[in-house]
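Below: one structure, written as structure tokens.
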Amino acid sequence: MRLLFVADPLEQFNIKKDSTFAMMKEAAARGHEILACEPRHLVWQRGGRVGATMRQVALSGDPVYWFTEQHVPETALADVDAVLMRKDPPFDSEYFYATHLLEQAEREGARVFNKPAALRDHPEKLAILEFPQLIGPTLVTRDAEAIKRFHAEHRDIILKPLDGMGGMGIFRVGADGLNLGSITETLNRHGTTTVMVQRYLPEIVSGDKRILVIAGAPVPYCLARIPQGSEIRGNLAAGGKGVAQPLSARDLEIAETLGPILAARGLLLAGLDVIGDCLTEINVTSPTCFREISDQTGFDVAKTFIDALEAALTSA
């Protein structure tokens, strides 16, 4: 099969950690043709179909120069067997426009994973609002006074932007309220930008757990991303230490509640973030942690994912 990965530039991949690379490696080992492009390469013109200039990728096995390539003339996305949207956040306007082009490609016969409409419908911070029974105390607002009231009630809170990734822009304000006003102004831009506020969950010291759900079923291990030193963020990009561990009973409950729902909406792959007993995010753009979980546990996440992709393509 011909598999097109819509992703960030290949030259930016850290193949020791990159989940998209893990997918490519497993797919190539099965004899599938690997193609790649960036969202900026997508194009549509009246009378034609959504297409892209692509790179045909061969994996070299070299840890530095890890691929060789041949450039492919503009090809319609409907003429490949699957399109995997793996562009990293942020979900900005250009990402939004790319989902519309991918949805048009679907109308023309392309098979896109995750479904473009589902990507739009599940912003990674706000998607949890649909499942209040699984989350901790949470507020979404632009209003500085509402944030003050939330802080007065919960005393120890986390504030974060809705479009951040990798722990970017996350602040903790303790019981003394120190710098709450300044932090609020920074994040809500004087009332023009919506922010999320959550009660601080002390269980973060044991890790912000990433639970992968593939075709509705949870991977049996999660990656607990544990903050280091004085840092409050467990994100690997913020220096957190990743420790793979079996799912707890609560982890499994959350994953089994959400898995069938997300799969039915066209989300072949999702990453659930859980702190303690609380769901904190639903990641759908380019969920990661394949390599860390596989390396530490021996459970082959990429194999499970490509199995699910092949099953989805052959069941159509």
Top of G177, G216, G229 by mean-square fluctuation, Gaussian network on the chain, Cα under 10 Å: G229
What does the extension gain come out to for L59 and R155, with contour length at 0.36 nm per residue minus their alpha carbon separation? 29.4 nm
Nearest 5 is fine: what % of DSSP beta bridges in the stretch 1-138 come out antiparallel, could you say? 55 percent
Among A52, V6, I282, the residue whose Cα sits farthest towards the positive end of the charge dipole of the chain, when +1 is placed on the Cβ of each Lys and Arg and -1 on the Cβ of each Asp and Glu, is I282
Considering amide H positions built from the backbone, and no H for Pro or chain starts, which residues 5 or more places from C289, or on another chain, come under 5 Å of its amide H? S19
Output ³J(HN,Hα) for the stretch 222-239: one whole-Hz value per residue in order, computed from phi by the Karplus curve 6.51 cos²θ - 1.76 cosθ + 1.60 with θ = phi - 60°, and x for Gly and Pro. 10, 10, 7, 9, 9, x, 10, x, 8, 6, 9, 9, x, 3, 4, 5, 9, x
In whole Hz, with x marking every Gly and Pro, tabulate ³J(HN,Hα) for the stretch 110-115 from phi via Karplus 6.51 cos²θ - 1.76 cosθ + 1.60, θ = phi - 60°. 6, 9, 10, 10, 5, 4
In straight Cα distance, which lysines are under 23 Å from K303, not counting same-chain residues fewer than 8 positions off? K16, K17, K25, K87, K115, K209
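Just from its helices, what would the mean residue ellipticity at 222 nm be for the chain, if runs of 4 or more DSSP H residues each count -39500 (n - 2.57) and the sum is divided by every residue, rounded to the nearest 500 deg cm²/dmol? Write out the running numbers ahead of the final one.
Details: 8 runs with 90 residues, N = 316.
Helices in the chain give a 222 nm mean residue ellipticity of -8500 deg cm²/dmol.
Return the tail of the calculated pair distribution for the chain, meaning the percent of Cα-Cα pairs more than 31 Å apart.
Distances greater than 31 Å cover 33 percent of the Cα pairs.
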Karplus-derived 3J(HN,Hα), 6.51/-1.76/1.60, for each residue of the stretch 92-101, Hz, glycine and proline x: 9, 4, 5, 4, 4, 5, 4, 5, 5, 5
Note to self: C-alpha centroids of the stretch 86-106 and the stretch 196-251 sit apart, in Å, by 27 Å
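Computed from the coordinates by the stated procedures, all read-outs in this text should not be read as laboratory data. Note that the structure is predicted; figures quoted are calculated from it, not measured. Here the Cβ is made from the backbone with ideal geometry for all residues, glycine too, and neighbour counts use every protein chain on show.
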